[in-house]
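First comes the structure, then the notes that go with it.
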Amino acid sequence: MHITPLRSYRATLIPPGIAPEDIETRADQGALPTLRLKAHNPGRASLAAHHVTGLPVLRVERVE
């Protein structure tokens, strides 16, 4: 049996009403909403963040 530990992730979300050309800039400035969650991998963290918020996910970063 293989058990994969949960890890902490921060998902950066894209709220409605932001111009596509401004998304990366705002994300780099920390001006977009984020969500902290635990998941087995970044892909699952992204899916969970989208499922919970209904918003598109720009990026997922592992938090130590």
Item to check | Residue among Ala31, Ala48, Ala11 with the largest mean-square fluctuation in a Gaussian network model of the chain, springs linking Cα atoms under 10 Å | outcome: Ala31
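Report the Stokes-Einstein translational diffusion coefficient (µm² s⁻¹, integer) for the chain, Rh taken as the Kirkwood radius over Cα pairs, at 20 °C with viscosity 1.002 mPa s. Spell out each step's value before the answer.
Working: Rh = 12.3 Å.
Answer, rounded: 175 µm²/s.
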Checklist entry - Leu58's amide H: which non-local residues (gap 5+, or another chain) put their own amide H closer than 5 Å, with H modeled 1.01 Å from N in plane and none for Pro or chain starts? => result Thr12, Leu13, Ile14
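In debye, nearest 20: dipole of the chain around its Cα centre with unit charges on the Cβ of K, R (+) and D, E (-)? Please report the intermediate quantities before stating the final value.
Working: 8 positive and 6 negative charges, 83 e Å.
I would put it at about 400 debye.
The numbers here are math on the coordinates, done by the rules we state, and not lab data. Note that the coordinates shown come from a computational prediction; the quantities given were computed from them, not determined experimentally. Here Cβ is always computed from backbone atoms with ideal geometry, including for glycine, and neighbour counts include all displayed protein chains.
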